[in-house]
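Each remark here refers to the structure printed beneath this line.
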Amino acid sequence: MRTDAPPAPAPAAAPAPPVVPAGRPRRPAPGSPWRKVFFYGALSILAIPFVFPTWWMITSSLKPVSEIFAFPPSLWPTDPTLDAYVDAFTMQPFAQQYFNSLYIAVFVTVGTMLISAMAGYAFARIRFPGQNVLFLVVLTGLLIPSEVTIVPLFQMFNTLGLVNTHWPILLVTTFGAPSVLATFIMRQFFLTLPVELEEAARLDGLGRWAIWWRIALPLSRTALAAVAIFTFLHVWNLYLEPTVYLLSPELFTLPQALTRYADAYGGEMWNVQMAASTMTALPVLIVFVFAQKQFVEGLAQTGLKG
Amino acid sequence: MALPSSVSSGRASARPEGAPRKPWLTYARRDALAGYVFIAPQLIGIVLFVLVPLGLIFYYAFHEWNVLAGTFTFVGLENVDRLFSDPQLAPVLTATGVFSIGLVIFNLSLALLLAVLLNRRWRGVTAFRTIFFSPVVVSLVAWTIVWGFLLQDNGGINGLLAVVGIDGPNWLREGGTAMASVIVVQVFKNVGLNMVLFLAALQGVPRELQEAARVDGASDRTVFTRIVLPLISPTILLTLVITIVGSLQVYAQIAVLTQGGPGISTTVLVYYLVQQAFEFHQFGYGSTLAILLFLIVLVLTVAQWQLRKRWVFYEN
């Protein structure tokens, strides 16, 4: 897999060597080639545990069973086969599970963007009685991990007959605690918008809804992108909720499905698991490599503004 | 969705000519109404899916709840007694603490090291940033399954170790190495996030300040500990809090890698809670454990709030 990023904007030539005080002879000089060798060497070694698992996942998914535990381990499949990919689809309704994960992620991401942009806007720009108290109420969602409330939530949905449907995941993830961070980020962003823009719009006769939709939202594209990215990753990775709420394989989401590949004796089928994992991980990884600037800056922004 | 502010002029003109009283629906009132409509979905969601369930765990905790038999009886503080006499509680809390502390130390120091190394405009630095960040976007369970595969007794890690003549342990099945493995796997997954936050903070440290100190004869280490670290301390605190709270919520990694074993050496509090509630159908006791988890998070949050005043160098 290619992980090259676009070339660094500035060439390596340093503008001016910083002043090095006398009396420290053992440190290599800033321009010394050894410094670069050490730098790139250290980074390359550090990179191994970050790259190797993905490499191992992809190559193992192409190996026949006989080669999975070969010794010494083969870093490249000697006899590549796509059997594991075929098995991944025949052993479980993998296409259905893939669709489940996708539509849940899209629903929750779009829903969270809307809800957090609305609430964040109101908390930042509209004055109404009880605002601060209500904001604190919403912020409790940041304080209380979803694991704390999983038992009563399960019971609530059980009473409503909604266990073994996607509703608990769709509703709780979109409206509940996970969207609070998004609301907080959107509020922080809307606080920075110049107030004159809205005043001008108001003089032109726009109501709140129109001001929000036609002026505030288009200006908040970067914050919305950050919200979209981290919401999508969060939903795509959900594991506890699906395992608690979903029982039928055709309702499973991908993370849950990945752990269910086993042979007739309950043994792990590693090549099939690796094939399914590859199909789960690779699309997002490829999108990331092409759009890594937005990913990294977006996520950095969510943290820094917090 | 219809918004009250869209019915604007009609109401005002219906007011009788020269009446002394202002119309009820003033601009401020209409605006306030719009505010409530805007926050309604989020607020209702929080009340229904956070606050009500939070209240319910305190209610459930006073009950013995046999899901299979369908019985639900008030037992007072019996679940709390059970909690304090639970022989598993001490090891579970120890595992939770070891996991959190190990994760925080390893994660933050590696993130800072990577950020310091990558905080320069050398050729290829962007590629390395992409590499260190990439596991963040890999599906969590997929990442964990691959590591589970690698860490098996006859898996890839031991295979590579054997090539250089080392007989590796059965990483996930031995008491000493299982917890360390879970921590390491989790750190490599998410350290990129903290690295990015540190990088952004490091780029905010004024270069002139560091160069001035160097001119005054300060060593690299002094510049780092006396200038850089204090200036990025708000980010350190932020990442510390995010990482600790995140570490308390770890479930999938444990479930996939070790199922809490060997013994219960990697059974952290959330895993124990889910096990009691959904595997052993002890909803009452599970709720008691949920209260314990809630209290721990609460104490940590209050503590970091206090620390923030004392420890952080500056705030904006």
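Values quoted throughout were computed directly from the atomic coordinates according to the rules given, and no laboratory measurement underlies them. Keep in mind it's a predicted model, so treat the numbers as computed, not measured. Glycine also receives a Cβ, built like all others from the backbone with ideal geometry; neighbour counts cover every protein chain displayed.
Quick notes
- Based on Cα contacts under 8 Å between residues 6+ apart, chain A shows a relative contact order of 28 percent.
- Counting all C-alpha pairs of segment B:257-308, share separated by more than 19 Å (%): 41
- Helix-only [θ]222 nm of chain B, DSSP H runs n ≥ 4, -39500 (n - 2.57) each, per residue, nearest 500: -20000 deg cm²/dmol
- Fluctuation leader among A:P178, A:P152, A:P93 - chain A, Gaussian network, Cα springs under 10 angstrom: A:P152
- Potential lengthening between B:L160 and B:L298 on full extension [0.36 nm per residue; Cα-Cα distance subtracted]: 45.3 nm
- Span-like helix ranges in chain A, DSSP H, alpha carbon extent 30 angstrom or more, Kyte mean at least -1.0: A:33-61, A:94-125
- More than 27 angstrom apart: percent of Cα pairs within chain B: 63
- Extension gain for the segment A:L247 to A:L197, taken as residue separation times 0.36 nm less the Cα-Cα distance, is 12.9 nm to one decimal.
- Over chain B, relative contact order from alpha-carbon pairs under 8 Å, at least 6 apart, %: 25
- Kirkwood Rh in Å, taken over segment B:64-138 so that all alpha-carbon pairs contribute: 17.2
- Note on segment B:213-269: Cα-Cα pairs beyond 17 Å make up 60% of the total pair count.
- Dimensionless Rg ratio for segment B:162-224, taking C-alpha atoms and the 2.2 N^0.38 Å reference: 1.91
- Projected label points at B:R123 and B:F74, each 7 Å from Cα along the beta carbon direction, are separated by 7.8 nanometres.
- Rg over Rh [alpha-carbon atoms, Kirkwood Rh] for segment B:141-252: 1.16
- Comparing B:R173, B:R123, B:R29 in a Gaussian network model of chain B, where Cα atoms under 10 Å apart are tied by springs, the biggest mean-square fluctuation is seen for B:R29.
- Per principal axis, descending, Cα span of chain A in whole Å: 73, 72, 34
- Spatially, segment A:86-127 and segment A:261-281 are offset by 25 Å when compared through their Cα centroids.
- Theoretical ellipticity at 222 nm over chain A - DSSP helices of four or more residues, -39500 (n - 2.57) apiece, nearest 500: -20000 deg cm²/dmol
- When you restrict to C-alpha pairs under 8 Å that are six or more residues apart and normalise by the size of segment A:136-282, the relative contact order lands at 26 percent.
- DSSP H segments from chain B that extend 30 Å or more along their own axis, Cα-based, with Kyte-Doolittle mean of 1.0 or above: B:89-118, B:175-203, B:283-311
- Ratio of Rg to Rh over the protein assembly as shown (Cα coordinates, Kirkwood Rh, two decimals): 1.00
- Residue with peak Gaussian network fluctuation, chain B [Cα springs, cutoff 10 Å], from B:W171, B:W65, B:W305: B:W305
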